1. Short version: ³J(HN,Hα) in whole Hz for each residue of the stretch 255-269, in order, from phi by Karplus 6.51 cos²θ - 1.76 cosθ + 1.60 (θ = phi - 60°), x for Gly and Pro, what are they?
2. Of all the accessible heavy-atom surface of the stretch 328-368, with the other protein chains kept in place and a 1.4 Å probe, what percent is carbon and sulfur?
3. If I compute solvent accessible area with a 1.4 Å probe over the protein chains, what percent of it on the stretch 163-264 is carbon and sulfur?
4. Over 22 Å between C-alpha atoms is what I'm after, so list which of 204/236; 204/233; 136/226; 204/340; 136/233 land there.
5. Round to a whole number: what % of the accessible area of the stretch 101-159 belongs to carbon and sulfur, probe 1.4 Å?
6. Determine the per residue accessible area of the stretch 116-201 with all protein chains present and a 1.4 angstrom probe, expressed in square angstrom.
Amino acid sequence: MAAPSPGPREVLAPSPEAGCRAVTSSRRGLLWRLRDKQSRLGLFEISPGHELHGMTCMMQAGLWAATQVSMDHPPTGFELGTLAGPAFAWLRRSLGLAEDDYQAALGPGGPYLQFLSTSKSKASFFLSHDQRFFLKTQGRREVQVLLAHLPRYVQHLQRHPHSLLARLLGVHSLRVDRGKKTYFIVMQSVFYPAGRISERYDIKGCEVSRWVDPTPEGSPIVLVLKDLNFQGKTIKLGPQRNWFLRQMELDTTFLRELNVLDYSLLMAFQRLHEDERGLGSSLIFRTARSVQGAQSPEESGVQNRRLLPDAPNALHILDGPEQRYFLGVVDLATVYGLRKRLEHLWKTLRYPGRTFSTVSPARYARRLCQWVEEHTE
């Protein structure tokens, strides 16, 4: 199947004040609000007064307008651009994601959530209020890379419908008063549903700058830890291990062919309840309803299909004997060009004998797969 045409589209969106009024007009009961906040420790509502409140209101109003087929009152104000709209609409449909559902989650029905990222980039990170969708600001160069690779990305997901690669759902630009454009992406959150998650990690398979100071016991802040924090731990997958190793090989080979590096394996732990353990009635083979792709047994073997848990976000969930693991490969837009080659040379001199993230795509892919093999059983 040919990849959908990535046709750009520009949409005018309402003023930020209109978006904010829609947010504040939705009042909830006190008990519901307290329970909701308790379930998302470490996340912070971007409410009036927050430095990013205006921008996120515009993002919400713009995304709402971008998914409208027709509007009685054409929006005015800032400008929101929808890039490669047809391709991302196809990707959303392939996941069974209804446009109304997508629009409601990202629109002005509730404030976005911000979390403290351990990333060294200057990007801003948000979650939709229900935590299903992840939004991240991106540089213009990264967006160009994503769009250039989009046809091959779509083909890879068609060929390997159970891929661990993050599911990108949209790329947009935001401009206010003819100023500079801010670009951002929308993707499924790997860590969803997050209610019982106990630990979160961002793994690159190296050691330099890969430690995060844990928060004090009892702190409401939830951090995403890194490679050195994972020392001494093991991912216990049981019979699912072979599938995971194979899929990591398939996905990192694809990224190597794109000349991409510096991506991360996101991982989170959630202890299974007694009635959730094992590969019995809690798991069903849902490929026809959850993903698109060939259905014959021969092709299924080539595509490395697996049993999907009967749960939301099934493509990023893998059940072991005692733990549920949330797994996904993110940050797919760093190319090994001249700047990264010079950075590799500098780090080789700066960190002799140590492993760091800026290496050739072939070495990066091989090293991350080796990390996964060494830390699973």
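The values are calculated or read from the model by the stated rules, or taken from the named source; none is laboratory data. Computed from a prediction, not measured in an experiment: that's the story for all the values here. What goes into the accessible areas is simple: the full protein's heavy atoms, side chains included, and nothing from ligands, DNA or RNA. Shrake-Rupley method; radii C 1.70, N 1.55, O 1.52, S 1.80 Å.
1. 5, 4, 5, 7, 6, 9, 9, 6, 7, 10, 8, 7, 8, 9, 10
2. The computed percentage sits at 59.
3. Solvent-exposed carbon and sulfur of the stretch 163-264 make up 46 percent of the total.
4. Over 22 Å apart, Cα to Cα: 136/233.
5. 51 percent
6. I get 43 Å² per residue for the stretch 116-201.
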